[in-house]
Amino acid sequence: MTRYVTSVAAALAGGIALAAATFAQAQSFPAKDVRFVNPFPPGGTSDMIGRFLGEQFSKQIGRQVVVENRTGANGAIAAADVAKSAPDGHTILLASMSMMTVTPQMVQLPYDTERDLTPIGNVASVYNLLVVKSDSPFKTWQDVADAARANPNKHTCATVGSGSSQQLSCALFMSLTGGRLTQVPYRGGAPAIIDIVGGRVEMMFGNMPEFMGQIRGGNLRAVAFGASEASPLLADVPVMSKTGLKDFVIHNWFGLVGPGGMSPDLQRRWNDELNRALAAPDLVQRFRDNGLQILGGTRAQFVEQMKSDRVKWGQVIRDFNIKPE
């Protein structure tokens, strides 16, 4: 009996000590500069979001938030790094939709996405847009669907990597319309765009910021948005989900996550800082000018979005037998 009481007392003391340490950790944050890990190379949409957000965070918390690009394996290298970091709030990760909901269903990872990473909040979504060459006969998404049904696999759609939002968008479009397009894989958005402009491939579902230069230059034409709404930058372009293809909504988001085991206090602190940043007028303007849709919201909403996307894209992966490259 004495041994049992001693064990219980020791367990209670251990729990109290852990709670006290966690509270002290949250109270002392930030005790040093913050490492903001970005899984993709400089120059892309992810890097732009990270640098805009990092600058705003630095203003808010009074410490430098240093963006560190840890590229490779579609974000898995960066995620593994953060998963091994101390959950003290001084290491955070900008995670893509694909990293959190698609890649874990396609490859064996050295970490558990749900156990080893802590969701904090959603940041922004990149507007998904269907584009064609400026002189293409395809004027509407319905034209594309009709052609893909009438001549299966005759028409071509550029994609960027296995499991990418570009590939999944094309696959979902085929699934919902019953047409068939031949997917042409590229190593990045830039070479794919060059080939669309050059007439070597016909279309692409992709990230609006990557297309804007060629759209403004008159070489590409925006056909329809796959996002939930139109960007103010292309307000007259129709939205597929509002013009007959109800379930075609691509949430190509980037969210903020931390290492597994972050205390609830630190999760709340970072979620508060995130939503505060996303309401800052300068950041709002920079995001909008670059074709980004601000999201924000609660941690629970972010978790629910990830759950929904895992189910949605898991079905597409199985239906089209999408395999890692």
- Message: With +1 on the Cβ of every Lys and Arg and -1 on the Cβ of every Asp and Glu, and nothing else charged, how large is the dipole of the chain about its Cα centre, in debye rounded to the nearest 20?
- Response: 220 debye
- Note on the structure: Other residues with Cβ under 15 Å from the Cβ of LEU172 give, with Lys and Arg +1 and Asp and Glu -1, a net charge of +2
- Convert each backbone phi in region 36-42 into a coupling constant with the Karplus relation 6.51 cos²θ - 1.76 cosθ + 1.60 (shift: θ = phi - 60°), then list the ³J(HN,Hα) values in order as whole Hz, x for Gly and Pro. 10, 7, 10, x, 10, x, x
- Query: Which percent of the accessible heavy-atom area of the chain goes to carbon and sulfur, probe 1.4 angstrom?
  - Reply: 53 percent
- Diffing region 156-172: the Karplus 3J(HN,Hα) column from phi (6.51, -1.76, 1.60, θ = phi - 60°), in whole Hz with x for Gly and Pro, holds 10, 10, 6, 10, 10, x, 5, x, 6, 4, 5, 5, 5, 4, 4, 5, 5
- So what's the angle, to the nearest 10 degrees on a 0 to 90 scale, between helix 2-28 and the longest Cα principal axis of the chain? 60 degrees
- 23 Å tail of the calculated P(r), region 102-204, as % of Cα pairs: 36 percent
- Output the antiparallel fraction of DSSP beta bridges having both residues in the chain, as a percent to the nearest 5. 60 percent
- Task: Just name one of MET212, SER169, ILE193: the one whose Cα is farthest towards the positive end of the charge dipole of the chain (beta-carbon charges, Lys/Arg +1, Asp/Glu -1).
- Result: SER169
- Note on the structure: Expressed in angstrom and ordered largest first, the alpha-carbon extents of the chain along the principal axes are 82, 45, 32
- In the chain, with Lys and Arg counted as +1 and Asp and Glu as -1 at Cβ, which of these residues, VAL131, VAL102, CYS157, has the Cα nearest the positive end of the dipole, that is, farthest along it? VAL102
- Rounding to the nearest 20 debye, state how big the charge dipole of region 197-325 is about its Cα centre with +1 on each Lys and Arg Cβ and -1 on each Asp and Glu Cβ. 160 debye
- Message: What is the angle, in °, between the Cα long axis of helix 299-319 and the longest principal axis of the Cα atoms in the chain? Nearest 10 is fine, range 0 to 90.
- Response: 50 degrees
- Task: Considering Cα pairs under 8 angstrom that are at least six residues apart, work out the relative contact order of the chain and quote it in whole percent.
- Result: 25 percent
- Query: So which of LYS133/LYS154; LYS133/LYS242; LYS133/LYS246 end up more than 19 Å apart, counting from Cα to Cα?
  - Reply: LYS133/LYS242; LYS133/LYS246
- Item | Candidate aspartates and glutamates for bridging to LYS32, where Cα separation is under 12 Å - those fewer than 8 sequence places away on the same chain excluded | ASP88
- Compactness summary of region 188-325: radius of gyration and Dmax from Cα atoms, Å, are 17.8, 54
- Query: How big is the gap, in Å, between the Cα center of region 59-78 and the Cα center of region 285-308?
  - Reply: 18 Å
- Query: So which trypsin sites (Lys or Arg not before Pro) in region 128-169 pass both tests, a DSSP loop state and at most 16 other Cβ atoms within 10 Å of the Cβ?
  - Reply: LYS139, LYS154
- Query: Among VAL82, VAL223, VAL237, whose mean-square fluctuation peaks in a Gaussian network model of the chain (Cα, cutoff 10 Å)?
  - Reply: VAL237
- Note on the structure: With label points set 7 Å from each Cα along the Cα-to-Cβ direction at ILE77 and ARG149, the distance between them in nm comes to 4.5 nm
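The values are calculated or read from the model by the stated rules, or taken from the named source; none is laboratory data. Note that the structure is predicted; figures quoted are calculated from it, not measured. Virtual Cβ from ideal backbone geometry, glycine too; neighbours counted across all protein chains shown. For accessibility, only protein heavy atoms count, side chains too; no ligands or nucleic acids. Shrake-Rupley method; radii C 1.70, N 1.55, O 1.52, S 1.80 Å.
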